[in-house]
Amino acid sequence: RQLAKIFDVSLRATVPEETDVEPLVAACAGNFGDYQCNNAMGLWSKIKGKGSQFRGPPSVGQAIMKNLPPSEIIESSSVAGPGFVNVVISKNWIAKSIQKMLTDGIETWSPRLPIKRAVVDFSSPNIAKEMHVGHLRSTIIGDTLARMLEFSNVDVLRRNHVGDWGTQFGMLIEFLFERFPNWEEVTETAIGDLQTFYKASKQRFDSDPAFKERAQQAVVLLQGGEAKYRKAWAQICEISRNEFNRVYERLGVELEEKGESFYNPYIPNVIKELTDKGLVEESQGARVIFIDGINIPLIVVKSDGGFNYASTDLAAIWYRLNEEKAEWIIYVTDVGQQQHFDMVFRACKRAGWLPLEDNKYPKTTHVGFGLVLGEDGKRFRTRNTEVVRLVDLLDEAKNRSKAALIEREKAAEWTEAELEQIAEAVGYGAVKYADLKNNRLTNYTFNFDQMLNDKGNTAVYLLYAHARICSIIRKSGKDIEELKKTGTIVLEHEDERVLGLHLLQFAEVAEEACTNLLPNVLCEYLYNLSEIFTKKFYSNCQVVGSAQETSRLLLCEATGTVMRQCFHLLGIVPVYKI
Ligand code: ARG
């Protein structure tokens with residue numbers, strides 16, 4: 001950020017006549033420097049032939065370098081190839097910046113976004129249907145995106161858009177009445193499993209016309225607000241909600257439910273507005289919105305006059321923009337729903353609710369993700385059952401990590417409560433990290449052995465690395481809070497400098513991950529950080545007992561602080577000993 005400002009000053013001085021040039025500055029891994037400014041070639045093609053004083057990209061590069069204002073950030077600079085301006089960052093400045101972060105807090109390195117409030121619509125399972133691994137992915141990814149925005153000082157409304165409305169409720173309610181004459185007292189334990197209940201009621205619906213008719217009648221009564229039907233509906237929702245909450249609780253995910261039913265009262269006015277604006281047309285008895293270039297229309301009122309998924313989403317956007325004043329609305333679902341969201345968003349643009357340009361706020365973004373596959377390469381399923389119960393899955397992750405922990409000698413020193421807590425942090429952390437480290441658009445293979453391996457790119461490996469850093473600090477016997485006040489960081493050894501520079505880059509990476517909604521960028525950064533710490537710094541720079549002990553302990557603490565912030569953003573609970 002600060003380097004870009006410095007280059008901006010230089011660009012203004014180099015080509016005062018070109019006013020719309022943005023500095024292109026990026027970290028580079030070469031031997032020439034830490035950062036590179038790549039403006040020379042582009043600039044040359046703009047100015048050549050206009051009687052310019054320059055003779056080609058290298059001479060533009062030279063001028064950019066010469067015009068760099070004096071700055072404590074830059075140690076040295078050079079021009080390479082066709083005008084790339086390389087800069088080496090000053091060691092003292094790196095050290096000072098890290099020291100400042102340690103005193104003022106990691107928040108001083110948080111991303112800056114030009115918005116105040118966002119909605120993240122995630123998890124969003126359907127009542128009485130299965131909450132499947134796709135919803136688990138949405139829950140994990142959505143929680144991380146919400147955390148990243150919160151870290152950027154954005155007020156985030158975490159929305160669980162549960163599927164709690166629709167025709168299936170007629171069938172479920174009728175089935176509840178039939179199965180349980182005392183339905184008002186019925187609880188989760190009596191029904192057992194709502195998914196099985198759903199299947200049984202569907203079977204009844206498909207095989208008995210009389211039942212089917214009653215179910216259809218029930219929908220009308222429910223939607224008309226009939227008390228008895230409302231009550232039965234609320235009861236079914238409550239049972240589902242309890243099951244969802246158990247998953248959220250384990251994952252440490254907070255969500256506020258505003259299900260599809262919530263937006264129902266807003267739909268008629270929204271459809272009216274869209275109709276008045278000329279967007280809605282009649283097609284085969286339904287009312288639809290046609291979108292350029294897409295051969296199927298967006299159905300907003302079904303031919304039977306009922307509303308659907310799309311009508312609800314239009315009303316939800318209206319509500320989020322106008323009532324909740326959200327400037328960025330983010331939807332986390334599988335890629336299969338991409339077209340749905342594309343059509344909904346484009347309808348909103350046509351209605352003038354959203355600006356046409358994608359880089360302007362308020363904006364909406366669909367964050368799609370790929371499938372979860374089993375080791376056989378097919379859609380993830382457990383051995384016996386057709387569906388994977390998420391709670392069982394999380395239990396297994398925890399039990400496996402517990403078993404692995406018990407094998408470690410140190411575990412003998414832990415209390416039972418500590419063991420439980422560490423097993424949970426490692427087990428659930430492993431499930432989350434395995435999901436987040438991939439580019440979210442790709443399918444990913446769910447494999448316990450892989451995600452719990454303590455040597456690969458896994459949460460386990462990262463949590464161990466963090467615990468080791470904490471143990472170095474503990475072993476020194478020094479009061480780290482005191483050292484933060486009195487000690488100074490000095491970067492002498494090359495590996496200290498490499499570590500320091502990487503720590504500093506956290507701010508850039510967090511900003512990139514947040515603006516582009518890519519948690520995997522953060523995972524990659526975190527993995528590299530622990531590699532640099534372990535394989536470079538810690539292998540080559542003795543900490544405890546060395547002449548540079550204070551400075552190196554502060555570097556350990558800074559690494560721990562950045563790692564903990566990454567863990568926090570990824571929804572992983574750090575462990576301090578292992
Ligand atoms: N309930 C939907 C599903 O399970 C996801 C809802 C996503 N959010 C939305 N506003 N449409 O596929």
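Ignoring aspartates and glutamates fewer than eight residues from LYS199 along the same chain, the ones with Cα atoms less than 20 angstrom from its Cα are GLU130, ASP164, GLU174, GLU178, GLU188, ASP208, GLU213, GLU238, GLU243, GLU386. Once the chain from GLU481 to PHE180 is taken as fully extended at 0.36 nm per residue, the excess over their C-alpha distance is 102.1 nm. Ranking of TRP328, TRP414 by neighbouring Cβ atoms within 10 Å, starting from the fewest: TRP414, TRP328. For the chain, a simple Cβ point-charge model (Lys and Arg +1, Asp and Glu -1, everything else neutral) yields a dipole of about 1060 debye relative to the Cα centre.
Between the Cα long axis of helix 2-14 and the first principal axis of the chain there is an angle of about 60°, rounded to the nearest 10. A DSSP coil position with no more than 15 other Cβ atoms inside 10 Å describes the following GluC sites (Glu not before Pro) in segment 471-563: GLU492.
Fewest neighbouring Cβ atoms within 10 Å first, the residues GLU409, GLU254 line up as GLU409, GLU254. For the peptides 58-67, 346-355, the ranking by mean Cβ contacts within 10 Å, running from highest to lowest, is 58-67, 346-355.
Here segment 24-95 and segment 282-302 have alpha carbon centers that stand 53 Å from each other.
Could you list the trypsin sites (Lys or Arg not before Pro) in segment 385-476 that lie in coil according to DSSP, counting only those with at most 15 other Cβ atoms within 10 Å of their Cβ?
Within segment 385-476, the qualifying trypsin sites (Lys or Arg not before Pro) (loop, at most 15 other Cβ atoms within 10 Å) are ARG408, LYS455.
For segment 121-162, the square roots a ≥ b ≥ c of the C-alpha gyration tensor eigenvalues yield an a/c of 1.5 or more together with a/b not exceeding b/c, which makes the shape oblate.
Put in order of Cβ neighbour count within 10 Å, fewest first, the listed residues MET171, MET131, MET41 become MET41, MET171, MET131. Less than 16 Å apart at the alpha-carbon level, and either on another chain or at least 8 residues along: which lysines does that give for LYS91? Partners found: LYS100.
Measure up LYS272/LYS349; LYS455/LYS535; LYS398/LYS432; LYS302/LYS363 against 21 Å on the Cα-Cα distance and list the ones that go over. Pairs exceeding the cut-off: LYS302/LYS363.
For the chain, the longest principal axis of the C-alpha atoms and the axis of helix 390-407 are separated by about 40°. Please give every one of the aspartates and glutamates within straight-line cross-link reach of LYS50, meaning a C-alpha to C-alpha distance under 18 Å, and leave out same-chain neighbours fewer than 8 residues apart. Excluding near neighbours in sequence, the set is GLU17, GLU18, ASP20.
What does DSSP give for the chain in terms of the percent of beta bridges that are antiparallel, rounded to the nearest 5? Around 50 percent antiparallel, to the nearest 5. Rounded to whole numbers, the Karplus 3J(HN,Hα) couplings from phi for segment 561-578 are 5, 5, 4, 4, 5, 4, 4, 4, 5, 8, x, 9, 7, x, 10, 9, 9, 8 Hz, using 6.51 cos²θ - 1.76 cosθ + 1.60 with θ = phi - 60°, and x at Gly and Pro.
Every number in this text was worked out from the coordinates using simple rules, so none of it is lab data. As the structure is a prediction and not an experimental result, all values here were calculated from the model. Glycine also receives a Cβ, built like all others from the backbone with ideal geometry; neighbour counts cover every protein chain displayed.
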